[in-house]
Amino acid sequence: MGFLSRLFSRKKPSKEVAKERLQLVLSHDRMDIPPGVLEPLKDDLIRVISDYMEIDESGIDVRFNNQDSEEGRSLVASIPVVRMRRERTR
Amino acid sequence: MGETLVITSGKGGVGKTTAVANIGAALASRGYCVALVDADIGLRNLDVVLGLENRIVYDLVDVVDGFCRLKQALIKDKRHDGLYLLPAAQTKDKTAVNPEQMKRICNQLKEINVSDEAGGAKYFDYIIVDSPAGIEQGFKNAVSGADRAFIITTPEVSAVRDADRIIGLLEAEELPDPQLIINRIRPGMVRTGDMMDIEDIVSILAIRLLGVVPEDDAIVVATNRGEPVIENSGCTAGQAFTNMARRIIGEEVPLMNLDVKESLFARLGSFLGLRQR
C-alpha cells in the first residue's frame with residue numbers, strides 16, 4: 001500500500017516522523033519537575049530573598065518555562081517585592 | 001544468593017507477562033531454579049500464560065496476610081523443572097500489598113528451600129517479578145524488592161514515551177541502569193522505514209539493550225495453549241527470549257539477525273531503491 005505512494009512521493013518515512021515527535025515530547029517530559037521539588041525550591045527562594053527584601057509570599061509564582069528557546073528551558077520565578085531592606089537581616 | 005529481577009513497562013500490553021514467562025522458562029530449562037512473581041494484583045495473567053490457572057490454591061495476598069506459608073502458595077510448573085509461580089490475587093487490588101511487604105516476600109523467596117527431597121536443598125537463583133502497567137502503587141510494589149530492572153517496549157511512540165518515564169522513576173527507586181527489551185519489532189516495516197529500528201529506540205532512551213523480540217505468530221499460539229514459546233525451538237521469538245536469558249546469566253550472545261526472513265518482494269523493493277535507509 002505505502003509501496004506505490006512512496007514511489008511517487010517525497011514523503012518522509014514515518015519512522016522519522018515518529019522519532020522527531022518522540023524526541024520533542026520526551027524533551028518536555030524530562031523537564032517535568034518531580035512532585036515535591038517545586039515547593040521546597042519555593043521555600044528556599046523565599047528564605048534567601050527575604051534576607052535582602054520584603055516580598056509578598058502569596059504572590060510568588062515559580063515554574064519552568066516550557067517554551068523551547070535557543071538557551072533551552074528556563075526556570076521562571078515571579079516574586080513581588082514590597083520593599084528593600086535597609087540592611088540584611090542575617 | 002538469588003537475584004530479583006523486575007520486568008516493567010509503564011504502558012500495558014507491550015509484553016511484560018510474555019517476557020517474564022519466557023525468560024523464566026528459558027532460565028529454568030538451563031538448570032536454574034526460578035520463581036515468577038505476578039505483582040499485578042487484581043488483574044492476574046501470568047498464571048494463564050503459563051497454563052497454571054487451574055492449580056492456584058493460595059496467592060501472594062494470602063501470604064502477605066498470613067493465611068498460608070510462602071511455600072504453600074508456590075506452584076510448580078508442569079513442564080519445567082525448577083520453575084515456580086507465585087500468583088497474584090484476583091479479587092483484591094493493588095493496595096492489598098505495600099512495597100515493604102513485597103520486599104519481604106522477595107527476600108523470603110531468596111531464602112526458601114524448595115527441594116522436594118527430604119534433606120535436599122534447592123534455592124531460587126532468580127526471582128522475576130511481573131510488574132503491572134502504570135506508575136502507581138502496583139509499579140512501586142513490583143520494583144521494591146528488585147535488584148535489577150528490565151524495561152520492555154514496542155517500537156511505538158506511546159510505548160517508548162512510557163518507557164522513558166519508567167526509566168526516570170526507576171532512578172528515583174534507586175534502580176539505575178535498567179536494561180531494555182524491544183518487543184514485537186517487524187523487520188519488514190523497519191526495512192521500509194515505517195517502524196523505528198533498534199538503534200533509534202536505544203539512542204532515544206539511552207539505556208543498555210538486553211534483547212529484541214520479533215513479532216511472531218507463535219506467541220499468540222503459545223499463549224492460547226498456555227505454554228511458553230521457547231518450547232517451540234524453531235520460532236524466532238522463542239530464540240530471542242532464550243538469548244536474553246543467556247545474557248542475564250552473563251553469557252555474551254550476539255543479537256540475532258532479524259532480516260533472514262526477507263521476502264522476495266521486499267528484496268525486489270530494496271533493489272529498486274525503495275529502501276528508505
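The values are calculated or read from the model by the stated rules, or taken from the named source; none is laboratory data. Predicted model only: the values in this text are computed from it and were never measured. Neighbour counts are summed over all protein chains in view; Cβ atoms, including those assigned to glycine, are modelled from backbone coordinates with ideal geometry. Heads up: the accessible areas ignore ligands, DNA and RNA and are worked out on the full protein's heavy atoms, side chains in. Shrake-Rupley method; radii C 1.70, N 1.55, O 1.52, S 1.80 Å.
A count restricted to segment B:16-41 and to residues that are in a loop (DSSP other than H, G, I, E, B) and open to solvent by 10 Å² or more (accessible area, probe 1.4 Å) stands at 4. Applying a threshold of 9 Å to beta carbon distances and a minimum spacing of six or more residues, or different chains, the list of pairs starting in segment B:150-166 at a residue that is under 11 Å from B:Ile182 (Cβ atoms) and at the interface with chain A (Cβ under 8 Å from one of its Cβ atoms) and ending at one that is in a loop (DSSP other than H, G, I, E, B) and among the hydroxyl-bearing types (Ser, Thr, Tyr) reads B:Val160/B:Thr154.
Using the structure shown, decide if A:Lys12 is at pLDDT 75 or above, within 14 Å of another protein chain (Cβ to nearest Cβ) and in contact with a helix residue (DSSP H, G or I) (Cβ under 7 Å, 6 or more places away or on another chain). Before the answer, list the steps.
Working: at pLDDT 75 or above: yes; within 14 Å of another protein chain (Cβ to nearest Cβ): yes; in contact with a helix residue (DSSP H, G or I) (Cβ under 7 Å, 6 or more places away or on another chain): no.
Spelling it out, it is not the case that A:Lys12 is at pLDDT 75 or above, within 14 Å of another protein chain (Cβ to nearest Cβ) and in contact with a helix residue (DSSP H, G or I) (Cβ under 7 Å, 6 or more places away or on another chain).
Counting only residues that are under 30 Å from B:Asp259 (Cα atoms) and surrounded by 20 or more Cβ atoms within 10 Å (Cβ to Cβ), segment B:141-160 holds 9 of them. I'd like to know if segment B:168-184 contains one or more residues that are over 29 Å from B:Arg104 (Cα atoms) and either open to solvent by less than 30 Å² (accessible area, probe 1.4 Å) or within 14 Å of another protein chain (Cβ to nearest Cβ) (or both). Yes, the conditions are met somewhere in segment B:168-184. Among the residues of segment B:217-242, those identified as crowded, with 19+ Cβ neighbours inside 10 Å and assigned to a loop (DSSP other than H, G, I, E, B) are B:Glu227, B:Pro228, B:Cys235.
Evaluated against (1) over 21 Å from the mean Cα position of the chain (by Cα); (2) over 21 Å from B:Arg148 (Cβ atoms), B:Lys76 falls short on exactly one condition, (1).
Checking each residue in segment B:26-55 for being under 14 Å from B:Ile75 (Cβ atoms) and among the aliphatic types (A, V, I, L, M) picks out B:Ala28, B:Val34, B:Ala35, B:Leu36, B:Val37, B:Leu46, B:Val48, B:Val49, B:Leu50, B:Leu52. Which of the residues that make up segment B:2-34 are among the β-branched types (Val, Ile, Thr) and within 20 Å of B:Gln239 (Cβ to Cβ)? Those that are among the β-branched types (Val, Ile, Thr) and within 20 Å of B:Gln239 (Cβ to Cβ): B:Ile7, B:Val14, B:Thr17, B:Thr18, B:Val20, B:Ile23, B:Val34. Pairs meeting the criteria (first residue in segment B:1-15 and under 13 Å from B:Asp130 (Cα atoms), second residue open to solvent by 40 Å² or more (accessible area, probe 1.4 Å) and of a type in the set (Val, Ile, Thr), beta carbons under 7 Å, at least 6 apart or on different chains) are B:Gly10/B:Ile135.
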